[in-house]
Every structure is written in C-alpha cells, then in structure tokens.
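Asker: To start, I am sharing the structure in question, which I have written as structure tokens.
Readers should treat all values here as calculations from the given coordinates under stated rules, not as data from a laboratory. Being a predicted model, the structure only gives us computed values, none of them experimental. Note that we place each Cβ from the backbone using ideal geometry, even for glycine, and neighbour counts take in every protein chain shown.
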Amino acid sequence: MVRGLPKVELHLHLEGAAPPAFIRGLAAEKHTDISGIFDASGGYRFRDFADFLKVYEAATSVLTSPMDYHRLVLAVLEESAASGVVYSECFLSPDFCGGGDLGAWRDHLAAIRAAADQAERDMGVTLRGIVTCIRHFGPERARRTALCAAETAGDWITGFGIAGAETVAEPKDFLWSFDCAREAGLRITAHAGEWRGPDGIRDTLAALAPERLGHGVRAIEDLALVDELAERGVVLEVCPGSNVALGLYRDFRAHPIAELDRRGVKVTVSTDDPPFFHTDMAREYQALHDAFDWDEGQFRKIARQSLDAAFCDADTKAKIVKLLEG
Ligand code: ADE
Ligand code: ZN
C-alpha cells in the first residue's frame, strides 16, 4: 500500500541524502581517503549526533564541483522517485556548494537546477531548494549564506533555514541573516526541538518567526507549547526514522508524531538524511503504519498538509495536487 502512495517531502539535506556508494566512488575518483566514515557493510558509521555531523562533513568534502552536485541530485531523486515522492524540498548550503562564495554558489546552483529539471522530465519528481546556514559554523558565515540566498531567491530557491548543532549559539544570533532572507521574499523554516526542548522551540519562534520547524517534536514535553503550535498553524517537518536512529526515541511507537497530530499540530513526514538512518520515504510510511495503524486516508491527509506547507508557487502546487489526487 505505502510505496505507491504519492508523497511530498519537505525536509531533506541534499548531502545527507548521498548514497554511501556514490560518495565512495567520488572519493576514489579524487584519490581522497575517507574510508573511516564507512562501516564493514559500506554504510555510514557514526556514534552519536556530534559524530554524525563530522561524518556528514567528511562525506561532503568529496563533493567539490558543480558536476558532482549534478550527479548527486540525480542519484538522490532516483531514490525519492522509487519511494513514490512526487515533490521534494531539499536543504542546500552555499557553505558546502562553493565555500560561501557567491559566484561559486551560482555555478553549483545552476548545475543542481539542471539536474532537477532532468529528473522532473525523466522521473516525475519536482524539486525546490531551501538555502540553509549551518548553526555551528556561526553567525558570521550565516550572513554570507543569507546573502547567497537573497541573491538567488526566486521560483526555485524558495526558502531559508538553519541546520547543524542546535546547542551551539542562540537563534537571535542569526536574526540578521533571517531578516535578509525574509526581505528577499524567502519563506522561513528552522531546525529546533530536536536537541533542545520546548525552550529552544520558544526561543526560535520568538527570534526568527519561522512558519515551519525542522523536527520540533520535543514540543511534546510542554503541552501548552503544543497547543500554541496548533493554534498558530506552525508546521512540523517530522523525521521519525532520523529521531529513532539518533536515539531521541526508543522506537517508532515511542515517537510523539501521532500524539502531535491528534492534538491538532500540522505534522508532515520526511527522511532528513535517509542513507545515514537506513530509511527512505516508503520505509517511514511503513513504520508509521506498523506503529500507529496509520491508513491510506491518514497518509493522504499528511501529503496534502505537506503540499499546503510547501514553499513553491501556486502553479507548481496546482500541478502536484493533481498527482496527489490522481
Ligand atoms: N544536518 C543534517 N541532518 C541534521 C539534523 N538531523 N539536525 C541538524 N542538522 C542536520
Ligand atoms: Zn534536518
């Protein structure tokens, strides 16, 4: 039942979606030894979230050219299409794509868009980009990232966000960057409520006013905050498999997504960094079905809720809605 359902994914880190075999192949081409990031069966190996971020950045270090990103987008969207994804938004970081330099970022973005156009024609998946600053790289680098985002904002780069180590720096330290992005017309999402609890979510909402939160699941620790999210219509980009793999919750049954949904919060479902967490969208759906008995009607509601919260324009939404209803 689940694989064939049309899906909308809102929270996917492009580099974090790189199949390990793809990264190994690039490393071999470039004679770069990053063998330490792989386990015996060839998957990514990490101990905890801090280690995950290091492995993520080591894997990303072999993505050095626009053509590497072109190939990456095709490899990632092939996986998405196989899971039934028809629309996806991915996080892109000028920090990784060109080291924060605007000209290099434009070159990377052109290659990414060309690959996305090809995938739309050949695989039937539509992709849009959200520029993301990296919290543990600090507010100064975030400013450069925001300027790159503002310069390329439009119908394809539709949003701005923040990822990385949530326990480093405060949301308000990034206010300049978020204001810059907002003034350029970009929609706003922010990772919060993954490694910090309700206070981290409250601080993020107060400082950056995102319309969506990456994760946000730890709102469940404060039911007044859950009510507030429901009333304000803040959308949660929930990545249950990621949360379980990183040890936030014991298993899917212990994950708060179903409770948040019951309490009226707009939840969506995504994979975050699928090969790192041994998941894909079809597996997420299957695990949610197994844990909470979610049926086709519930999954269709989630897909529709996700499309409503997507950052793309109305024409694109009208096209995707037909795929969800077809
Ligand atoms: N970057 C990639 N995956 C992430 C996650 N789960 N949390 C924060 N930053 C990330
Ligand atoms: Zn994420």
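Asker: Relative contact order (percent) for the chain, with alpha-carbon contacts under 8 angstrom and 6 or more residues of separation? Let's see the in-between values first.
Answerer: On the way: 600 pairs, mean separation 62.8, N = 326.
That works out to 19 percent.
Asker: Per-residue HN-Hα couplings for the stretch 91-107, Karplus 6.51 cos²θ - 1.76 cosθ + 1.60 at θ = phi - 60°, whole Hz, x for Gly and Pro?
Answerer: Ordered by residue, 3J(HN,Hα) equals 7, 10, 10, x, 4, 8, 8, x, x, x, 7, 5, x, 5, 4, 4, 5 Hz.
Asker: Determine, for the chain, the count of lysine pairs separated by eight or more sequence positions (or lying on different chains) whose alpha-carbon distance falls under 19 Å.
Answerer: Pairs that pass both the separation and distance tests number 10.
Asker: Taking the Cβ-Cβ separation of GLU120 and GLU183 as r and a Förster radius of 25 Å, what is the calculated FRET efficiency to the nearest 0.05?
Answerer: On the way: r = 29 Å, r/R0 = 1.17.
That gives a FRET efficiency of 0.30.
Asker: I'd like the distance between the alpha-carbon centres of the stretch 21-49 and the stretch 79-110, rounded to an integer number of Å.
Answerer: Their Cα centres are 21 Å away from one another.
Asker: If a/c stays under 1.5 just call it rounded; otherwise compare a/b with b/c (prolate if a/b is bigger, oblate if not). Do that for the stretch 23-62, with a ≥ b ≥ c from the square roots of the Cα gyration tensor eigenvalues. Mind showing how you got there, number by number?
Answerer: On the way: a/c = 2.85, a/b = 1.52, b/c = 1.87.
Verdict is oblate for the stretch 23-62.
Asker: With only alpha-carbon atoms counted, please give the Rg and Dmax of the chain, in Å.
Answerer: Reported Rg and Dmax, both Å: 18.2, 53.
Asker: Could you let me know the centre-to-centre spacing of the stretch 259-326 and the stretch 210-250, using Cα atoms, in angstrom?
Answerer: After rounding, the separation between the Cα centres reads 14 Å.
Asker: Also: Could the peptides 43-50, 140-147 be put in order, highest first, of the mean number of other beta-carbon atoms found within 10 Å of their residues? Show your work: numbers first, answer last.
Answerer: On the way: 43-50: 14.4, 140-147: 20.5.
Per-residue mean Cβ counts within 10 Å order the peptides as 140-147, 43-50.
Asker: Right, next: Classify the stretch 179-263 from the C-alpha gyration tensor, please: rounded if a/c falls under 1.5, else prolate or oblate depending on whether a/b exceeds b/c. All intermediate terms of the calculation are to be shown ahead of the outcome.
Answerer: On the way: a/c = 2.07, a/b = 1.62, b/c = 1.28.
Prolate shape, in that a/c is at least 1.5 and a/b is the bigger ratio.
Asker: OK, next. When DSSP beta bridges are limited to those with both residues in the stretch 1-135, what percentage is antiparallel, rounded to the nearest 5?
Answerer: Details: 1 of 12 bridges.
DSSP beta bridges in the stretch 1-135 are roughly 10 percent antiparallel.
Asker: Among DSSP bridges having both ends in the chain, what percentage is antiparallel? Round to the nearest 5. Don't skip to the end; give the middle numbers.
Answerer: Values: 1 of 33 bridges.
Here the share of antiparallel DSSP bridges comes out near 5 percent.
Asker: Mind checking which of HIS13, HIS215, HIS289 has the largest fluctuation in a GNM of the chain, springs on alpha carbons under 10 Å?
Answerer: HIS289
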